[in-house]
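Read the structure below first, then the notes.
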Amino acid sequence: MSGLLSLTPSRLLSDPAGSAMVVVDSVARNVAAEGWFYGQFAAAILLGLIIDLVRRRNLAARYWTRSVRVDGVYAVLEFLHLIQFAVILPVGLFITRGLQSWAPWLEVKALADLPVWAQLAILFVVTDFCVYWWHRLQHENRIVWQFHKTHHSQINLNVMTTFRSTVIDRIVALAVLAVPATMMQVDAALPVALAAVLQFHQLIIHSDSGWSFGPLDRVFVSPSFHEVHHSSLEPHLDKNYGGVLSIWDQMFGTWVARGEAPLVYGLVGERLPESWLAQQVVPLTGLWRLFRERAASPRTTATDAAR
C-alpha cells in the first residue's frame, strides 16, 4: 500500500515529516496526472476573457464581484479535490457497493457481451437521458429545487459557475444517478480524451459566450442553449434541460429558442447569500421554509373557512 492510503494514525504520529512528504508526493502526482483538467480550465477561462474583451465588456464589473469570488472558492475546492476525497468519493463508494450488494438484479449483464465502444456509447446515451430527467425534476419539483437552486443563483454567469453546487446537492444527485450507473456497468473506463472533451464542454457552456453550434444545437447543448436554461426571463424558465445532448428537449417539449432579448441570469424573486459556507445550508433552509409553509396552510384554510 502506498500514497495517502499508507498514512495510518500511528505513522502520522511517529513520522510526521515523512508523512508530510507522502502527502506532497501524492498531490504532485495527482496534479501531473490531471494536467489535462487544469489545462482545459485555463483554456476555458482564457477563451471567456477573450470573448469579453472582443465584446468590450466591463471586466471589473463582471469578475470583481462577490458572487464570482464565491464561484472561485467552488473552483479551488474542486481543483484540490477536498470535497471529493472527504465526502463525494466515500459516499459514492458506499452507494455503489450498497446497490451491488443489495440490488444485484439491477445490473444489465447483457452489456458485458458487447464491444467496448458499444458499451461506452450506451453508457453515455443512457446516462445523459437520466441526467435530463433528473435535471428536469430539479426544476419542476419544489422540494428537489431547494437542492439545485444555488447553481442558478449566479447573476454573472462564468466558467467557474460550472462548480457552483452545494455538497448536499452533489450527494443527492450522486445517489440518484448511481442507479443507472450501476445498471449500466461496463468493462471499460471512460477514455481520458472523451472525459476531457465532456469536461471542457461543461466549462464553455457556462462561459456566457453566446456561441451557438448552428444546426447542431438540435443535437448538442451549446453555450447559447445552456445560457437560455440559466436565463430568468419568463419565456426561458424551466427550459433546455439537456446535459450534453439537446435531443431530449426536442423530444419532450422543453426546448425553447434564445430570442432577441438580452439574457438576465439569477433566481426569480429570491437572492441567496454570497458565501460558500452559507450556501451549503441553503437546501436545508429552503426545505424548512417549505415545511413551515405547508404546516401553516391547513390553519390558514381553516381560518378562512370559519370566516
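The values are calculated or read from the model by the stated rules, or taken from the named source; none is laboratory data. The structure presented is a predicted model; accordingly, all values stated were derived computationally and were not measured. Don't worry about glycine lacking a Cβ; one is built from the backbone with ideal geometry, like all the others, and counts go over all protein chains shown. Remember, those area values only see protein heavy atoms, side chains included, never the ligands or the DNA or RNA. Shrake-Rupley method; radii C 1.70, N 1.55, O 1.52, S 1.80 Å.
Brief remarks on what is shown
- When restricted to residues that are within 17 Å of Leu46 (Cα to Cα), hydroxyl-bearing (Ser, Thr, Tyr) and open to solvent by 10 Å² or more (accessible area, probe 1.4 Å), region 152-171 contains 1.
- In the set Glu270, Glu260, only one residue is over 21 Å from Thr166 (Cα atoms), charged (D, E, K, R) and surrounded by fewer than 13 Cβ atoms within 10 Å (Cβ to Cβ); that residue is Glu260.
- Looking across region 48-72, the residues that are of a type in the set (A, V, I, L, M, F, W, C) and open to solvent by 50 Å² or more (accessible area, probe 1.4 Å) come down to Leu49, Ile50, Leu53, Val54, Leu59, Ala60, Ala61, Trp64.
- As for region 191-198, it holds at least one residue that is part of a loop (DSSP other than H, G, I, E, B), out of contact with any helix residue (DSSP H, G or I) (no Cβ under 6 Å at 6 or more places or on another chain), modelled with pLDDT under 95 and open to solvent by 40 Å² or more (accessible area, probe 1.4 Å).
- One residue stands out among those in region 131-151 that are of a type outside the set (Phe, Trp, Tyr) and closer than 22 Å to Phe200 by Cβ: the one that is most open to solvent (accessible area, probe 1.4 Å), which is Val131.
- For the residues Phe124, Phe79, Phe85, the requirement of being aromatic (Phe, Trp, Tyr), within 23 Å of the chain's Cα centre (by Cα) and crowded, with 16+ Cβ neighbours inside 10 Å singles out Phe124.
- Residues in region 253-267 that are in contact with a Leu (Cβ under 7 Å, 6 or more places away or on another chain) and hydrophobic (A, V, I, L, M, F, W, C): Ala261, Leu263, Val264.
- Residues that are at pLDDT 85 or above and under 23 Å from Val167 (Cα atoms) number at least 2 in the following helices (runs of 4 or more DSSP H) confined to region 1-100: 66-80.
- Every residue from region 227-244 that is more than 15 Å from Trp134 (Cα to Cα), open to solvent by less than 20 Å² (accessible area, probe 1.4 Å), without any contact (Cβ under 8 Å) to a residue 40 or more places away in the chain and in contact with a helix residue (DSSP H, G or I) (Cβ under 9 Å, 6 or more places away or on another chain): Val228, His236
- Subset of region 159-190 that is modelled with pLDDT of 95 or more and polar (S, T, N, Q) - its residue that is farthest from Pro90 (Cα to Cα): Thr161
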